[in-house]
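*Asks:* Shown below is the structure under consideration.
What follows is calculated from the coordinates using simple rules that are stated; it is not laboratory data. Not measured: the values here are computed from a predicted model. Cβ atoms come from the backbone with ideal geometry, glycine included; neighbour counts cover every protein chain shown.
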Amino acid sequence: MELIDLRLSSSFRFLAIAFMNVLQTCIIISISTPLFVLVVIPIFIIYLLVLRHFIPCSRQLQRLASLTRSPIYSHFGESVQGATTIRAFGWTQMFERQNKEKLETHIQCSYFSLVSNRWLSIRLELLGSTVILAAALLAVMSRSWGTITAGAIGLSVSYSLNITFMLNMFVRQISEVETNIVAVERVKEYTETPVEAMWRQQRSPPPDWPSKGEVEFNDYATRYRPELDLVLKGLTIHISSGEKVGVVGRTGAGKSSLTLALFRIIEPAGGQILLDGVDVTSVGLHDLRERLTIIPQDPILFSGTLRFNLDPTYKYSDAELWSAIEMANLKTFVESLPLGLQHQIDESGENISVGQRQLVCLTRALLRKSKILVLDEATAAIDEKTDSLIQDTIRRQFVNSTVITIAHRLNTILDYDRVLVMEAGRVAEFAPPQELLANKNSLFYSMAVSAGLV
């Protein structure tokens, strides 16, 4: 928006000024030397032909330069952030090579952009010199014929000397406008982007919804974008109130898509999801997401105090916060902080460990006590001790809640009521884990064998 508000408006203003200067110069020379009109028309046609070739080429080269510049910044940021890991695995030379390749690509595009500018400059200089030569010769000829005064000759020649600079300025401003107009195109694309569903519906669900925690998928299908293939296909499952269900499957089976569908991050392409018999598409996004709780694989923390990260709406008292902190086995850590609940958390929780971040997310879940809790591979990136703490806490504190766990470690869901095995976006198996383990032909059994559990 800054580009549109400032640079684009300035480019249009300077373009208008440059155009008026060129037009004014040509008019003054034509008035003082009328024969100049015979020369300026073919020169103007040649000038338009030069612009016709230069501007599209310049626009594409500048876009390429911008596109190849972004990977350099991204690669540099990733290298700085992962410097310790890069050194530990001996990948320094590989990253140096990648950086040089990205720089080479960007320099090539930038070089061709400079070359195209030099190409234009030579032709504009030639056109400008032609204008000066024509103005001078015609002025001398007109003087010899006695049709022009010495003052008019001086005026004509002096204005023609500036024509090269003015032509350069005019072309530069056209190119600048062409480049900056891309920002307007992007804003137009954003205005045409499909928006999310209503944040709040006119009719809100009951305050205690969902009071039971029943989850039902009826022939549900979804995709990430209209032009892409379905990621969930004809999903039909029923999860009873208070049931503990583990969801497993190989990479790309649709496990995380199930979570995204439940929170309406992605919308249905067919079928429906019912929570306590209520279709989630009939509920506003705020009401839906407020009534569900998720502990994600990558814990989300914000820059602010620990208390703000636990209770951003200041809905709970300090006593309730400390009670949840104690249940989440986080009390010792919080008490060790000099400022306690007022301890400052960096963006993304960079100043605390991954395990502590997960425990903060668990504390949030304990505060809300939702009837439906989703764990999206929440313990995949933490040590087994913290994993055990989280699993034990969930078993004790969410006895009456429906728990859906996207499992990375199969041993964490062996005592669940049922296991949902997904494959290629479909339900492959859905039964108690003991029943699936008893069947040596089941997918879950083969996964348990691979994990060393059988």
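*Asks:* Listing Leu373, Leu23 from the residue with the fewest other Cβ atoms within 10 Å to the one with the most, what is the order?
*Replies:* Ranking Leu373, Leu23 by Cβ neighbours within 10 Å, fewest first, gives Leu23, Leu373.
*Asks:* Now for a separate question. Modelling each spin label as a point 7 Å along the Cα-to-Cβ direction, I'd like the Ser70/Arg118 distance in nm, to one decimal.
*Replies:* Going by the 7 Å Cα→Cβ label model, 3.0 nm.
*Asks:* What distance in nm separates the two pseudo spin-label positions at Phe263 and Thr92, each 7 Å out from Cα along the beta-carbon direction?
*Replies:* Between Phe263 and Thr92, the simple spin-label model gives 4.0 nm.
*Asks:* FRET efficiency for Val140 and Gln60, Cβ-Cβ distance as r, R0 = 30 Å, nearest 0.05?
*Replies:* About 0.10, to the nearest 0.05.
*Asks:* Taking the Cα centre of the chain as origin, work out the dipole magnitude from +1 charges on Lys and Arg Cβ and -1 charges on Asp and Glu Cβ, in debye rounded to 20.
*Replies:* Computed about the Cα centre, the dipole is about 1400 debye.
*Asks:* Run the numbers for Arg225 and Met327: contour at 0.36 nm per residue of separation, minus the present Cα-Cα distance, in nm.
*Replies:* 32.6 nm
*Asks:* Let me check I've understood the local charge: for Ser240, count other residues with C-beta under 15 angstrom from its C-beta, Lys and Arg +1, Asp and Glu -1. What total comes out?
*Replies:* With Lys, Arg at +1 and Asp, Glu at -1, the neighbours total -1.
*Asks:* Right, next: Not counting the cut sites, what is the longest span of the chain without GluC sites (Glu not before Pro) that DSSP labels loop and that have at most 12 other Cβ atoms within 10 Å?
*Replies:* Free of exposed loop sites, the longest segment is 1-191.
*Asks:* At a 10 Å Cβ-Cβ cut-off, how would you order Arg123, Arg52, Arg7, fewest neighbours first?
*Replies:* Final ranking by Cβ density, sparse to dense: Arg52, Arg7, Arg123.
*Asks:* To continue, here is another question. Order of Arg368, Arg186 from fewest to most other C-beta atoms within 10 Å?
*Replies:* Ascending number of Cβ neighbours within 10 Å: Arg186, Arg368.
*Asks:* Based on the Cβ-Cβ distance from Ala183 to Asn400, what FRET efficiency comes out when R0 is 35 Å, to the nearest 0.05?
*Replies:* Efficiency, from the Cβ-Cβ distance: 0.05.
*Asks:* Take the Cα gyration tensor of the chain, multiply each eigenvalue by 5, square-root it, and list the three semi-axes largest first, rounded to whole angstrom.
*Replies:* 69, 25, 24
*Asks:* So how far apart, in nm, are the two label points at Thr85 and Glu192 if each is 7 Å from Cα heading toward Cβ?
*Replies:* The two pseudo-label positions are separated by 3.8 nm.
*Asks:* Relative contact order, percent, of segment 215-451 when contacts are C-alpha pairs under 8 Å separated by at least 6 residues?
*Replies:* Computed value for segment 215-451: 27 percent relative contact order.
*Asks:* Then there is this: Antiparallel DSSP bridges in the chain: what percent, to the nearest 5?
*Replies:* Here the antiparallel bridges make up roughly 55 percent for the chain.
*Asks:* Then there is this: Report the extension gain between Asp415 and Ile46 in nm, rounded to one decimal, defined as 0.36 nm multiplied by the number of residues separating them, less their alpha carbon distance.
*Replies:* Gain in length upon complete extension: 124.7 nm.
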